[in-house]
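What follows is a short report on a single structure.
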Amino acid sequence: MKNEIFILIIIGIVLFLYPPNSSKKNDTSASKMLITQGTNDISIIPDKFNTGIDESISLYIITEFTTYQNIVYTDNGISIVLDLFYRNKDLGEFTIIENIDFSEKPFAIYNDDKVTTKKTIIFRNCKFSKMSTNPKVTNVTYQFKNCTFTNFNGSNATFNKCYFGGTSADGINPYKNVTVKNSYIADLAHIQYDKVVHSDGVQIYGYKDMDATDIHFKNCRFEIPIIPFINSSSAINACLFVGLEYSNANNISFTDCIINGGGFTISVIAKPPFKVSNIVFKNLKLGAAKKFKNIYPNSKKLATFKNVQEISKLYVSSVWRENGTIHLSVTNDTSVEKKLIVITKHGSYEFLVPACYKSSKLTTDDKLTFQDYPFDIEYIVMSSDWVVCYDTSITSENQIRFVNWGTKPVYITKPKTVQKLK
């Protein structure tokens, strides 16, 4: 009974705050159109709601020398250490480590180069600050699923639905054999007194005597605006920085990603005598938060760029139902205020989504934080069997998200605000 009352209260609040415009929902004389899925409905955009740890699950906290779930963790005074030879030599071919908070200290892997058989360590729903694996390729590979990091550096790792950021440091420093999918790298501008910070979303600088190879990012999102701070030398360099200082690089790709921020959003540089080959940036959407330009000069001479375009419309990433309501995560990476139209079986809702700040226009007087940007804004409407969203501030490709929880096709009446939709 209490749950039913709570749901009714939530619905009442939503209807009061966002009353649907339902004056035409019973107008059968107007033309109807069938709603179908688009590319944004099939490959879900990463955001703060669908990446990183599940905060509803309690994590076991490890801060010192301990044994947990038959695995020994040591404390060297600086880091929590997982020793794969002297302390945990008998681990099997596959080891699962899940629901643990390691974030009180950096976390490091030791002695994986001494492992003589193939092993896979799988981390699920774990939280890290700085996490390190061996830069060189070993017999041990690492899989991370729904994990949260301030930084990762290392080799032989795959990531799915992970979150990196929330500090002043690079999000990821991959060396070799690293694949990142469906993940979110964000919020890297933080005050660091008496310390010069040079942060990148991804920085690939190579490793001595080993080329940076087989590094791939697919369907990842970067939100890394430059935020000016008083009394701080904090700086954001680039969202994607292939800047070879210690080795050559080969077979590196960034595909189907949304990238917003940086001084230059993408930079490719090779310090002599090092060279790069087969570096590909493909199907990328770039936002307005950069300070200078999208691509650093001469980068196009070193890498291949295919279908790299500026973002022109809103996007809706996570969509879920909860307590009789629909929740929508909406982002505006453009420099123009946008109008979002949300249509359900109950009618239509309108929301004005603020423009993304341009870093080139900001000063310390603006006193911004990452939370002031129009990233992952949560809008709530009354629950329905389906929901379809439009950006009505442009003249084509207006439909930006469609979810149908039911089994029947969805037909809607064209609202006046989307009459140009065909």
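The table that follows gives values for the structure above.
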quantity: Unmet criterion (only one of (1) in contact with a strand residue (DSSP E or B) (Cβ under 6 Å, 6 or more places away or on another chain); (2) at pLDDT 90 or above; (3) open to solvent by 100 Å² or more (accessible area, probe 1.4 Å)) for Glu55; calculated: (1)
quantity: Residue list for segment 153-205, filter: among the aromatic types (Phe, Trp, Tyr) and in a loop (DSSP other than H, G, I, E, B); calculated: Tyr175, Tyr193, Tyr205
quantity: Wholly within segment 252-308, strands (runs of 3 or more DSSP E) carrying at least 2 residues that are of a type in the set (S, T, N, Q); calculated: 276-286
quantity: Every residue from segment 237-251 that is open to solvent by 20 Å² or more (accessible area, probe 1.4 Å), not in a strand (DSSP E or B) and not charged (D, E, K, R); calculated: Asn237, Tyr246, Asn248
quantity: Subset of segment 189-217 [among the polar types (S, T, N, Q) and modelled with pLDDT of 95 or more]; calculated: Gln203, Thr213
quantity: Single condition Asn160 does not satisfy, out of (1) open to solvent by less than 20 Å² (accessible area, probe 1.4 Å); (2) at pLDDT 95 or above; calculated: (1)
quantity: All positions within segment 324-345 that are assigned to a loop (DSSP other than H, G, I, E, B), more than 19 Å from the chain's Cα centre (by Cα) and surrounded by 15 or more Cβ atoms within 10 Å (Cβ to Cβ); calculated: Gly324, Ser335, Lys345
quantity: Residue in segment 390-398 that is in a strand (DSSP E or B) and modelled with pLDDT of 90 or more present; calculated: yes
quantity: Some residue of segment 399-411 being more than 29 Å from Asp187 (Cα to Cα), open to solvent by 50 Å² or more (accessible area, probe 1.4 Å) and touching a Gly at 6+ places or on another chain (Cβ under 9 Å); calculated: no
quantity: Cβ pairs under 7 Å, 6+ apart, first in segment 274-302 and at positive phi, second open to solvent by less than 70 Å² (accessible area, probe 1.4 Å); calculated: Asn278/Asn250; Asn278/Asn251; Asn283/Thr255; Asn283/Asp256
quantity: Looking only at segment 138-152, and only at residues there that are in a loop (DSSP other than H, G, I, E, B), on the phi < 0 side of the Ramachandran plot and not hydroxyl-bearing (Ser, Thr, Tyr), the one that is surrounded by the most Cβ atoms within 10 Å (Cβ to Cβ); calculated: Cys147
quantity: For Pro135: the one exception among (1) assigned to a loop (DSSP other than H, G, I, E, B); (2) open to solvent by 20 Å² or more (accessible area, probe 1.4 Å); (3) more than 20 Å from Asn76 (Cβ to Cβ); (4) touching a residue at least 24 places away in the same chain (Cβ under 8 Å); calculated: (3)
quantity: Residue match in segment 194-207 (condition: over 25 Å from Thr141 (Cα atoms), aliphatic (A, V, I, L, M) and open to solvent by less than 50 Å² (accessible area, probe 1.4 Å)); calculated: yes
quantity: Hey, Lys145 of a type outside the set (S, T, N, Q) and farther than 19 Å from Asn125 by Cβ or not; calculated: no
quantity: Any pair with Cβ under 9 angstrom, 6 or more apart, that starts in segment 349-374 at a residue that is free of Cβ contacts under 8 Å to residues at least 24 places away in the same chain and in a helix (DSSP H, G or I) and ends at one that is surrounded by 13 or more Cβ atoms within 10 Å (Cβ to Cβ) and among the β-branched types (Val, Ile, Thr); calculated: Asp372/Ile227
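Yes or no, residue by residue, for (1) closer than 24 Å to Asp113 by Cα; (2) of a type in the set (Lys, Arg); (3) without any contact (Cβ under 8 Å) to a residue 24 or more places away in the chain:
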residue	(1), (2), (3)
Gln37	no, no, no
Ile53	no, no, no
Ile57	no, no, no
Val72	yes, no, yes
Ser79	yes, no, no
Leu84	yes, no, no
Glu93	yes, no, no
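The values are calculated or read from the model by the stated rules, or taken from the named source; none is laboratory data. None of the values given here were measured: they were computed from a predicted structure. As a convention, Cβ positions derive from the backbone with ideal geometry for all residues, glycine included, and neighbour counts pool all protein chains shown. Calculation scope for accessible area: heavy atoms of the full protein, side chains included, ligands and nucleic acids excluded. Shrake-Rupley method; radii C 1.70, N 1.55, O 1.52, S 1.80 Å.
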